[in-house]
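The values are calculated or read from the model by the stated rules, or taken from the named source; none is laboratory data. Predicted, not measured: the structure shown is a model, and the values here were computed from it. All Cβ positions, glycine included, derive from the backbone under ideal geometry; neighbour counts span all protein chains shown. Heavy atoms of the whole protein, side chains included, go into the accessibility calculation; ligands, DNA and RNA do not. Shrake-Rupley method; radii C 1.70, N 1.55, O 1.52, S 1.80 Å.
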Amino acid sequence: MKGTVAAAVVVAALAVALLAEVGHGALTCVEVDANLLPCAEYVTGKEAAPPALCCQGVKRIRALPAGTVERRFVCECIKSAAARFDGLKSDIARDLPAACGSPLPFPLALDFDCNTCVSYLSIVRHPESMSKSAQDRS
């Protein structure tokens with residue numbers, strides 16, 4: 001019951017924040033949060049597999065950020081959202097994109113340095129600018 005009430009409060013807060021957003025076309029953490037909300041039960045270990053809505057959200061997140069700045073922004077939004085999940089299982093969160101068949105350009109980890117996120121085009125054009133840790137992940 002407490003989880004249902006908490007989820008309803010989060011959804012209501014997201015709706016209010018979305019309505020208050022004035023930047024048209026700008027990516028917001030509210031959008032990122034809304035896409036991850038269906039994953040809450042899975043990343044806290046309460047569900048054995050990610051629900052379809054969760055994986056749809058991960059796939060939408062993968063499609064959102066085009067450039068380096070956008071990817072870093074989305075990465076920070078995801079870290080902030082993950083930090084709010086009580087009982088987050090870091091190994092499950094880290095493996096979520098793979099479980100959904102939609103790898104992200106950065107890991108879902110609270111300790112990941114989002115400043116190392118680069119766009120795919122930056123890697124192709126300037127592979128020497130990619131950090132060693134980012135090269136290991138790609």
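Among the residues that make up region 89-98, is at least one of them surrounded by 13 or more Cβ atoms within 10 Å (Cβ to Cβ) and modelled with pLDDT under 85? Even if it seems obvious, please write down each step before you answer.
Here is the first cut: in region 89-98, the residues surrounded by 13 or more Cβ atoms within 10 Å (Cβ to Cβ) are 89-90, 92-97.
From what's left, modelled with pLDDT under 85: none.
No, every residue in region 89-98 fails to be surrounded by 13 or more Cβ atoms within 10 Å (Cβ to Cβ) and modelled with pLDDT under 85.
Out of 48, 34, which single residue is part of a loop (DSSP other than H, G, I, E, B) and surrounded by fewer than 21 Cβ atoms within 10 Å (Cβ to Cβ)? Talk me through it step by step, then tell me what you get.
Details: 34 fails: part of a loop (DSSP other than H, G, I, E, B).
Of 48, 34, the one residue that is part of a loop (DSSP other than H, G, I, E, B) and surrounded by fewer than 21 Cβ atoms within 10 Å (Cβ to Cβ) is 48.
Across region 49-66, what is the total count of residues that are at pLDDT below 95 and over 12 Å from the mean Cα position of the chain (by Cα)?
1
Which pairs turn up if I take residues in region 72-83 that are more than 22 Å from residue 41 (Cβ to Cβ) and look for partners that are in a helix (DSSP H, G or I) and open to solvent by 60 Å² or more (accessible area, probe 1.4 Å) with beta carbon separation below 8 Å, at least 6 apart in sequence or on another chain?
Cβ pairs passing all conditions: 72/115.
Within region 68-84, identify whether any single residue is of a type in the set (Ser, Thr, Tyr), buried (at least 16 other Cβ atoms within 10 Å of the Cβ) and under 20 Å from residue 50 (Cα atoms), and answer yes or no. Full working, then the answer.
Residues of region 68-84 of a type in the set (Ser, Thr, Tyr): 68, 80.
Narrowing further to those that are buried (at least 16 other Cβ atoms within 10 Å of the Cβ): 68.
From the residues that got through so far, the ones that are under 20 Å from residue 50 (Cα atoms) too are none.
No, region 68-84 contains no residue that is of a type in the set (Ser, Thr, Tyr), buried (at least 16 other Cβ atoms within 10 Å of the Cβ) and under 20 Å from residue 50 (Cα atoms).
Please indicate, with yes or no, whether at least one residue in region 71-87 is farther than 18 Å from residue 117 by Cα, modelled with pLDDT of 90 or more and aliphatic (A, V, I, L, M).
no
Against the condition modelled with pLDDT under 90, within 17 Å of residue 29 (Cα to Cα) and surrounded by fewer than 19 Cβ atoms within 10 Å (Cβ to Cβ), how does residue 109 come out, does it pass? Even if it seems obvious, please write down each step before you answer.
Details: modelled with pLDDT under 90: yes; within 17 Å of residue 29 (Cα to Cα): yes; surrounded by fewer than 19 Cβ atoms within 10 Å (Cβ to Cβ): yes.
Here the answer is yes, as residue 109 does meet what is asked.
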